[in-house]
Amino acid sequence: MTSGLVAPSRPEVPRRSGPGAPACNPSVPTFVKSTPQEAVLVMHARGTMRAVQVAYLIGWLVGVGCGSTDPEATTDPEEPVYEVFSSPVRVVIEGYDADAMEPFLSRDGRYLFFNNLNDPSVNTELHVAERVDALRFTYRGPLTNANTEALEGVPTMDRSGTLYFVSTRSYPETLSTLYRGRFDEGAIEEVELVPGVSREEAGIVNFDVEVSPDGTTLYIVDAQFSDNVPETANLIIATRVGDQFVRAPNSDEILQEVNTDALEYAAAITNDGLELFFTRFTSARGETPPQLYRSVRATLDAPFGTPQRVEAATGFVEGPTLDPDDRALYYHKREGGRFVIYYITR
């Protein structure tokens, strides 16, 4: 445990059953608490799963937006906009017809990782598909050795094949959610907790993770919950030291223009580390859907600049991931009451 921290009381073990999903307004993320000691965000993992991917975490039940209404964002006319991306196209995963969320494209472009719906009625798992072309992938099945009865989602991988993901399997004991393992041909081996990242404080959840292509940097999210909703969610940078990661002492400075009073999560970093894409949700209590943003910097030790909203990604959108050339962006979108993967190019 981190020096100076008081050991928090342990919440109950996460469950896969509980009260029925609450009535929902499809334009507002829903949170439901099943017992006084159980709490986990529902937003929808990057549906607001990422901004809320920690469903089941402390036992909360994840409640995804329902219905067929897919709200458009109310944009600020003075907000900086990035207009270079265009031509949104829905991605096809042949042999798979369920919800697809939290996409991640492997650094060589061969594999598309994702998770299914994060809802208490299903077991949220990691899945993998293989590339046919930029807009078509062939489903290969659940990611072998990755999934449990707890929630697994939000995959990301470096060039060496180390795959990172979020799992709530041990949160009651460890207050940690970030795992990693070695990916090879549709399976993951040697799964273990990522040491040095969690603050080990009850109520603080790391529900998202992105690893840099070279494997030296993690972009994680710290979220603070209050009254069953996330009051804060900010991106944090951690750097590799040996076999573990430590939080960068200048993380706040580097991300000072990125993190706001809104919820920031679901990062994607370019190969050179100079361009950061992420999701921003104005408020978990509001009606405006999450949107994708872009921020750049001149050097690796410089702060990221003022974010620009990605204009081509419209509607309820989250979870960006880049192609190997950093020319295309994949993300998930709520469309017709379901979550699907979209693609835009520049």
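In segment 215-260, which GluC sites (Glu not before Pro) are in a loop and have at most 14 other Cβ atoms within 10 Å, using DSSP for the loop call?
E257
Excluding T138 itself, calculate the net charge of residues whose Cβ lies under 13 Å from the Cβ of T138, where each Lys or Arg counts +1 and each Asp or Glu counts -1.
+1
Quantify, in whole percent, the carbon and sulfur part of the accessible surface of segment 120-279 (1.4 Å probe; protein heavy atoms only).
Carbon and sulfur: 44 percent of the exposed surface of segment 120-279.
Could you give the nm distance between label points at T174 and E275, where each point is 7 Å from its Cα heading toward the beta carbon?
3.5 nm
What accessible area per residue comes out for segment 207-303, rounded to a whole number of Å², with a 1.4 Å probe?
38 Å²
Within segment 114-128, name every residue whose backbone N is under 15 Å away from a label modeled 7 Å from Cα of E149 along the Cβ vector.
Taking a point 7 Å out along Cα→Cβ of E149, the residues of segment 114-128 whose backbone N falls under 15 Å are 121-124.
Would you kindly work out the equivalent ellipsoid of segment 200-346 from its C-alpha gyration tensor and give its semi-axes, the square roots of five times the eigenvalues, largest first in whole Å?
Semi-axes (√(5λ), whole Å): 23, 21, 14.
Top to bottom by accessible area (1.4 Å), largest first, where do S167, S226, S198 land?
So, going from the largest accessible area down, we get S226, S198, S167.
What whole number of Å gives the distance from the Cα centroid of segment 231-286 to the Cα centroid of segment 185-222?
Centre-to-centre (Cα) distance: 13 Å.
Solvent-accessible area of Y179, probe 1.4 Å, all protein chains present, reported in Å² to the nearest ten, please.
That residue has around 20 Å² of solvent-accessible surface.
Out of segment 134-221, which GluC sites (Glu not before Pro) are coil in DSSP terms and have no more than 16 other C-beta atoms within 10 Å?
E149, E185, E200, E201
The values are calculated or read from the model by the stated rules, or taken from the named source; none is laboratory data. Computed from a prediction, not measured in an experiment: that's the story for all the values here. Note that we place each Cβ from the backbone using ideal geometry, even for glycine, and neighbour counts take in every protein chain shown. For accessibility, only protein heavy atoms count, side chains too; no ligands or nucleic acids. Shrake-Rupley method; radii C 1.70, N 1.55, O 1.52, S 1.80 Å.
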